[in-house]
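Student: Quick one: the structure is below, questions incoming.
The values are calculated or read from the model by the stated rules, or taken from the named source; none is laboratory data. Nothing here was measured: the structure is a model prediction, and the numbers come from that model. Cβ placement follows ideal geometry from the backbone for every residue including glycine, while neighbour counts extend to all protein chains displayed.
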């Protein structure tokens, strides 16, 4: 099964909101992602709770120092969810 099908199938059963983290290389494309890619994956704009713009690119996002920004945002979300 390809990644596209896995993404499409896995999100169909999820009824909650999505927090989307975009690296800075995709910030200028965020409206295009919402308009074209999401419907193809079965997502609707109303499923998105918030879009976060993060420094770095697709690969450097998970490396220092950029990963610290991602970690901080995730920590805030988890803390908010658990309080």
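Student: Would you pick out the residues in region 1-41 that are surrounded by 13 or more Cβ atoms within 10 Å (Cβ to Cβ), modelled with pLDDT of 65 or more, touching a helix residue (DSSP H, G or I) at 6+ places or on another chain (Cβ under 7 Å) and within 23 Å of residue 78 (Cα to Cα)?
Tutor: 18, 19, 21, 22, 23
Student: Considering region 42-61 alone, what residues qualify as being loosely packed, with under 14 Cβ neighbours inside 10 Å and either part of a helix (DSSP H, G or I) or at pLDDT below 85 (or both)?
Tutor: 42, 44, 45, 46, 58
Student: Continuing with this model, one more query. Report the residue count in region 54-80 for those that are closer than 19 Å to residue 17 by Cα and either free of Cβ contacts under 8 Å to residues at least 12 places away in the same chain or over 15 Å from the mean Cα position of the chain (by Cα) (or both).
Tutor: 6
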